[in-house]
1. Rg to Rh for segment 110-269: what is it, with Cα atoms only and Rh by Kirkwood?
2. Within the chain, what's the longest stretch lacking GluC sites (Glu not before Pro) that sit in DSSP loops with no more than 14 other Cβ atoms inside 10 Å?
3. If you scale each eigenvalue of the Cα gyration tensor by 5 and take the root, what three semi-axes come out for the chain, rounded to whole angstrom and sorted largest first?
4. How far apart, in nanometres, would the label points at D54 and R212 be if each is projected 7 angstrom from Cα along the Cα-to-Cβ direction?
5. Tally the DSSP beta bridges in segment 118-232 and give the antiparallel ones as a percent, rounded to 5.
6. Using a 10 Å cut-off around each Cβ, can you sort S86, S39, S123 from fewest to most neighbouring Cβ atoms?
7. Which residue, V32, V82, V108, has the most motion in a Gaussian network model of the chain that connects Cα atoms within less than 10 Å?
8. What size of dipole, in debye to the nearest 20, comes out for the chain about its Cα centre when the only charges are +1 on Lys and Arg C-beta atoms and -1 on Asp and Glu C-beta atoms?
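FYI, it's all coordinate maths here, none of it is from the lab. Remember, predicted model here, so these are calculated numbers, not experimental data. All Cβ positions, even for glycine, are placed from backbone atoms using ideal geometry, and neighbour counts span all protein chains on display.
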Amino acid sequence: MNQFIRPVQITPEAHLIQSFWKEHDAPVGVHVNTMVLASRQPVVFDTGVPADRDGWLQAVSSVVDPADVRWIVLSHDDHDHVGNLSAAMQWFPNATVVASWWITERLVGSIELDPRRMRWVVSGDTLDIGDRTLVFQRPPIFDSPTTRTVFDPSTGLLWAGDLGAALGPHPVVHAEEMPADELAASFVVAHGWISPWIAMVDDTKYQLAVDRIADLGITTWAQTHGPVYEGAYINRAIDLLRTVPAAGETQQPGQADLEAIITSTLLSA
Ligand SMILES: [Fe+2]
Ligand SMILES: [Fe+2]
């Protein structure tokens, strides 16, 4: 498994903590990005995976003093978003975890969360972080019922969690680094995998949910599993999002694919 992690500045205030994982011979890899916002009360968005722990803490600490981190905002409770949460609570002693009752319940027995160091925020809520107010909203596609995107109306920055995922063969920061056809195909397939129920939804209601994202006024759409969308790529991503229900669920790799992976791994060992 090849992996790297590094901070990349994506706005005057925000750093993407870019992490990319890929099996040696695999055709595609996956990003497990997080983000740091240097607002007056600095915010860390999601916490990555445990195997990244030292590198992640170092990367975050290279762009913000750990003692200054005031908020750890979780997009949802999937392992690749809460993997370093316990370590982060220790590493950032002055941080409050922006979670929810449902996140807390779903993590029971796995991650202990101090009630005194939490804020519970649901879709539609806002959070005053001193120099701006963050807006939380359930996206139209999600793989956990706890999912909220986080929007900063003062700058147009969106932390979208899984929304916007697109797998590819190489690490990328910006959407223009991926061939347009590769990005489109990967985006639609990935969102079908994230929400295999999407083909069952009422398309009119779904499009209204996409409208709520489209109407935010996003200038920078950063996320966990793919590139940052800016400029024309934001509308392109919105357009792709609108097509996901019609595309339906793409079949996931199965046993034959697993056996092919094992064989190729043995041959290359
Ligand atoms: Fe997820
Ligand atoms: Fe994820």
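1. Taking Rh as the inverse mean 1/r over Cα pairs, Rg/Rh reads 1.03.
2. Numbers: sites that count: E23, E112.
Value returned for the longest uninterrupted segment is 113-269.
3. 28, 23, 18
4. That separation, rounded to one decimal, is 4.3 nm.
5. 75
6. S123, S86, S39
7. Looking only at V32, V82, V108, the biggest GNM fluctuation is shown by V108.
8. 620
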